[in-house]
1. Applying the selection to region 1-23, what residues are closer than 23 Å to Glu94 by Cα and outside any loop (DSSP other than H, G, I, E, B)?
2. Could you grab me the full set of residues in region 149-163 that are basic (Lys, Arg) and not in a loop (DSSP other than H, G, I, E, B)?
3. Out of region 86-142, which residues are crowded, with 16+ Cβ neighbours inside 10 Å, of a type in the set (Lys, Arg) and modelled with pLDDT under 95?
4. Out of (1) touching an Asp or Glu at 6+ places or on another chain (Cβ under 8 Å); (2) over 21 Å from Asn139 (Cα atoms); (3) in contact (Cβ under 8 Å) with a residue 60 or more places away in the chain, what's the single condition that is false for Gly38?
5. Might you check whether a residue that is over 22 Å from Leu120 (Cα atoms), among the aromatic types (Phe, Trp, Tyr) and either surrounded by fewer than 14 Cβ atoms within 10 Å (Cβ to Cβ) or modelled with pLDDT of 95 or more (or both) occurs anywhere in region 43-66?
6. Criterion first (more than 24 Å from Ile2 (Cα to Cα), open to solvent by 20 Å² or more (accessible area, probe 1.4 Å) and among the aliphatic types (A, V, I, L, M)) does Leu80 satisfy it?
7. I'm told Thr30 meets every condition in (1) part of a loop (DSSP other than H, G, I, E, B); (2) open to solvent by 40 Å² or more (accessible area, probe 1.4 Å); (3) without any contact (Cβ under 8 Å) to a residue 40 or more places away in the chain; (4) closer than 20 Å to Glu108 by Cβ except one. Can you identify the failing condition by its number?
Amino acid sequence: MIDKQGKKRLIVFSGLYPIRMSVSEDDGVTWSELKPIGDFGGIVAMGSVERLKNGDYVALFHDDGRFFRANGKRTPEMTLYQTFSKNGGLSWSEPQQLFKSAEIHLCEPGVIRSPDGKQLAMLLRENRRVRNSHVMFSNDETRTWTAPRELPGALTGDRHTGKYAPDGRL
């Protein structure tokens, strides 16, 4: 991650409760101790981190109630969350709930920006394995997301990480 003053950092997250992170400001030669980023947790933290046009970062993750707060209990729903950093990853906001459902358990968000930079796509696994993976879109830098849409079987998988090939293919 790069803060708004140009300082580069490597950040590693550790999931469950609370989500913790370690920071390196020397390309991984040394690392800080793992420290909580807030009073919240998640099963897979962070599923995806993306830099926004204003220089902030968004991190996305999911939880089923067990780890979001201390002494949590599993719920029938899976919930997707997003949290923001305005200082190059050093601190994170209280998470915002994006989607919650008992019918489809969407998890492991992987975000990629469109080639023209105008849209974010979030690819999601369906955790119960009863439906294909899904996709959600944001056209306003994560302020809003579309409803989830099921993808064809060929795009179903785990821990989606989109990258562009040199020829532009996704």
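The values are calculated or read from the model by the stated rules, or taken from the named source; none is laboratory data. Since the structure is predicted, the reported quantities are computational estimates derived from the model, not experimental observations. Backbone-built Cβ (ideal geometry, glycine too); neighbour counts: all protein chains shown. Ligands, DNA and RNA are excluded from the accessible area calculation, which covers all protein heavy atoms including side chains. Shrake-Rupley method; radii C 1.70, N 1.55, O 1.52, S 1.80 Å.
1. Our first condition is that a residue be closer than 23 Å to Glu94 by Cα; within region 1-23, this holds for 1-4, 9-23.
Across region 1-23, the qualifying residues are Ile2, Leu10, Ile11, Val12, Phe13, Ser14, Leu16, Arg20, Met21, Ser22, Val23.
2. Pass one, region 149-163, residues basic (Lys, Arg): 149, 159, 163.
Within region 149-163, Arg149 is the sole residue that qualifies.
3. Arg125, Arg131
4. Of (1) touching an Asp or Glu at 6+ places or on another chain (Cβ under 8 Å); (2) over 21 Å from Asn139 (Cα atoms); (3) in contact (Cβ under 8 Å) with a residue 60 or more places away in the chain, only one is false for Gly38: (3).
5. No.
6. On the way: more than 24 Å from Ile2 (Cα to Cα): yes; open to solvent by 20 Å² or more (accessible area, probe 1.4 Å): no; among the aliphatic types (A, V, I, L, M): yes.
Considered against the rule, which asks whether it is more than 24 Å from Ile2 (Cα to Cα), open to solvent by 20 Å² or more (accessible area, probe 1.4 Å) and among the aliphatic types (A, V, I, L, M), Leu80 comes out as no.
7. Unmet for Thr30, out of (1) part of a loop (DSSP other than H, G, I, E, B); (2) open to solvent by 40 Å² or more (accessible area, probe 1.4 Å); (3) without any contact (Cβ under 8 Å) to a residue 40 or more places away in the chain; (4) closer than 20 Å to Glu108 by Cβ: (4).
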